[in-house]
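The block underneath contains the structure these notes are about, expressed in structure tokens.
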Amino acid sequence: MLFRCEYSQADTRKKVEKDMLSALGLEDTFQKVPWPLPNMVESTEDAFWDYRTTMSFKGELWCGQEKYIDDRLGHLLVYFADAYNRQNGGFAVAVIRNDYPKPSDVRYYEWSACKHDFRSKNIGNCLNRYTCTKCGVSHDIDSSG
Ligand SMILES: [Zn+2]
């Protein structure tokens with residue numbers, strides 16, 4: 001697997017890589033990514049781009065060519081969002097190209113180390129804190145803006 005990251009600072013890159021691999025249940029990039037990914041569900045092109053046009057992915061893994069969908073050889077890209085309700089998780093895109101005469105195919109997925117169950121608590125004016133009852137991660141959302 002190849003890890004890519006939007007951060008250029010070495011120790012930040014290392015931390016994101018470690019966090020992403022850990023969320024996938026892996027120790028290093030020499031291990032194979034689990035398939036299906038943890039708590040993986042099918043998603044849509046809309047959901048993927050809806051996220052990506054408002055937020056950046058912290059990390060990305062190119063997982064090589066395997067038979068990820070329908071016994072057809074394709075690429076898998078795993079994206080680490082790790083923000084808001086997607087902490088310790090993100091998206092994945094499986095891409096089949098150049099499989100003539102069969103058509104190309106792109107499938108979207110969402111995955112997460114935890115099947116989060118967020119409960120909100122008001123912590124001041126329009127500020128709410130969402131905390132997962134299972135793994136304890138939390139994020140704040142200010143609904144005034
Ligand atoms: Zn959780």
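Values quoted throughout were computed directly from the atomic coordinates according to the rules given, and no laboratory measurement underlies them. As the structure is a prediction and not an experimental result, all values here were calculated from the model. As a convention, Cβ positions derive from the backbone with ideal geometry for all residues, glycine included, and neighbour counts pool all protein chains shown.
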**Request:** Can you check what the Kirkwood hydrodynamic radius comes to for the range 2-113, Cα pairs only, in Å to one decimal?
**Result:** 14.4
**Fill in**
Links exceeding 27 Å between C-alpha atoms in this model, out of Lys32/Lys115; Lys15/Lys115; Lys18/Lys102, come to Lys18/Lys102
**Request:** May I ask you to evaluate 6.51 cos²θ - 1.76 cosθ + 1.60, the Karplus curve with θ = phi - 60°, for each residue of the range 124-135 and list the ³J(HN,Hα) values in order in whole Hz, giving x for glycine and proline?
**Result:** x, 6, 9, 9, 10, 9, 9, 10, 7, 6, 8, 10
**Asked** In the neighborhood of Glu66, defined by Cβ-to-Cβ distances under 15 Å, what is the net charge if each Lys or Arg adds +1 and each Asp or Glu adds -1?
**Response** +1
**Item:** Extension reserve of the Cys135-Phe30 stretch, reckoned as 0.36 nm per residue once the Cα distance is removed
**Value:** 35.1 nm
**Asked** Among all cysteines in the chain, which have no other cysteine Cβ under 4.7 Å from their own Cβ?
**Response** Cys5, Cys63, Cys126, Cys132
**Met1, Met20 arranged by Cβ crowding within 10 Å, fewest neighbours leading** = Met1, Met20
**Request:** Calculate for the chain the 222 nm mean residue ellipticity that helices alone would give, adding -39,500 (n - 2.57) per DSSP H run of length 4 or more and normalising by residue count, nearest 500 deg cm²/dmol.
**Result:** -4500 deg cm²/dmol
**Request:** For helix 10-23, report the angle its Cα long axis makes with the longest principal axis of the Cα atoms of the chain; keep it between 0 and 90° and round to the nearest 10°.
**Result:** 80
**Item:** Estimated inter-spin distance, Trp62 and Ser8, nm [label 7 Å along Cα→Cβ]
**Value:** 2.1
**Asked** Hey, rough spin-label estimate for Arg97 and Arg72, points 7 angstrom out along Cα→Cβ, what's it come to in nanometres?
**Response** 1.5
**Prompt:** Once the piece of chain linking Thr44 and Lys15 is laid out straight, how much longer is it, given 0.36 nm per residue of separation minus the C-alpha distance between them?
**Reply:** 7.6 nm
